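Structure first, then comments.
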């Protein structure tokens, strides 16, 4: 099975678009549009109601797919979030949003988080004028991000979150502040993830 199909199956498994393929997800070529049922030979069969555990598990798996991280790494994010005085779910999402690959995507430097992760790994961005090639690198307030090669660089979207700043002429982005939960635009119920790990 091709890597493209594996990525698209994640959307079908969660029963909603996760926008893992950038522009393709917005086109008629989107696999979820063509086949909105779960993958596998029994995908079109009637699906029974999930248990509470099943609902919590699916929300965790969906969040991992959206941000493109593995189980151990996700578990570590949760553990760190649970040790703070802040609400665990909100802190978890803030940590995920502050990842360099996510910020690159949110600023429009990449079409998807997956592409952003690849670009960061190939040392295509500077953070505070220093080259960083770690997708999970945690940005802090006022950190500046910019592509190394700016000539002819194309932005993939024009609207960015209120907690980020972008000088389009200079192609320099900034994490203006750590976003509150209300400022994080994502279809994730972090309460279910907290319940999953609190079993």
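When a/c is below 1.5 the answer is rounded, else prolate if a/b is larger than b/c, else oblate, so apply that to the stretch 93-137 with a ≥ b ≥ c taken from the square roots of the Cα gyration tensor eigenvalues. Note, shape of the stretch 93-137 comes out oblate. With both labels modelled 7 Å from their Cα along Cα-to-Cβ, the residue 177 to residue 76 distance reads 3.0 nm.
Stretching residue 49 away from residue 157 to a fully extended chain increases their span by 35.1 nm, per 0.36 nm per residue minus the current alpha-carbon distance.
Under the shape rule built on the C-alpha gyration tensor, where the axes satisfy a ≥ b ≥ c, the stretch 99-177 is rounded, since a/c falls short of 1.5. When both the stretch 133-181 and the stretch 66-132 are represented by their alpha-carbon centers, they are found 13 Å apart.
Remark: the Cα gyration tensor places the stretch 50-107 in the oblate category, a/c being 1.5 or greater and a/b not exceeding b/c.
In plain terms, the chain from residue 83 to residue 199 could stretch by 40.1 nm, reckoned as 0.36 nm per residue minus the Cα-Cα distance. Sorting 111-123, 71-83 by average packing, meaning the other beta carbons within 10 Å per residue, from highest down gives 111-123, 71-83.
No lab work stands behind these numbers, since they all come straight from the coordinates. Note that the coordinates shown come from a computational prediction; the quantities given were computed from them, not determined experimentally. Cβ sites come from the backbone with ideal geometry, for glycine too, and all protein chains shown count toward neighbours.
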